[in-house]
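Here's the structure, in structure tokens; my notes come after.
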């Protein structure tokens, strides 16, 4: 990917996107999948425990739009392949199965830590819809200095997009 973001800032074509966490309940993951269906040669790697896997309606949409995807459970194995990692939290409040809710290993398997951050490419980006809880275990210093950490820029850009949409809808632009 090299300087991909500088050369092609308006395209996600040919990207490998890793989505991890609670893919079953996460509305932002669903929305992102619908968006990615508009690009070419995207490959999505869904990484989640089986009980929180992406749902069939999203898989059907991706197949219809010729988006290649796979479902996996080992985050660290696929981090080195990712151009973009879209992290979501495990939404324990939506779980009814208490054995899954109390599984301490569940949190540990689907976390970004200082150790596995080293697995990411130098030009990969880590995104998150925020706020993050236990799924990102990085120091404030790393969050503020590592260019791969993009969730704060992501949130700021989302603010400007919403402002522009509201101005447009109100006839101000």
Could you compute the FRET efficiency for residue 159 and residue 134, with r as their C-beta to C-beta distance and R0 at 22 Å, rounded to 0.05? 0.30
Sort 22, 115, 146 so the one with the fewest other Cβ atoms within 10 Å of its own Cβ comes first. 115, 146, 22
Only counting other Cβ atoms within 10 Å, I'd like 12, 75 sorted with the fewest neighbours first. 12, 75
Starting from the 7 Å offset along Cα-to-Cβ, what nm value, one decimal, do you get for the label separation of residue 31 and residue 71? 2.4 nm
Taking the reciprocal of mean 1/r across every pair of different Cα atoms in the range 11-169, the Kirkwood radius in Å is 16.4 Å
Based on alpha-carbon centroids, what's the gap between the range 26-42 and the range 115-166 in Å, whole number please? 18 Å
If 46, 152, 69 are placed from fewest to most neighbouring beta carbons inside 10 Å, the sequence is 152, 69, 46
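Readers should treat all values here as calculations from the given coordinates under stated rules, not as data from a laboratory. Because the structure is predicted, anything quoted here is derived from the model rather than measured. Quick reminder, even Gly has a Cβ in these numbers, built from the backbone with ideal geometry, and neighbours come from all protein chains shown.
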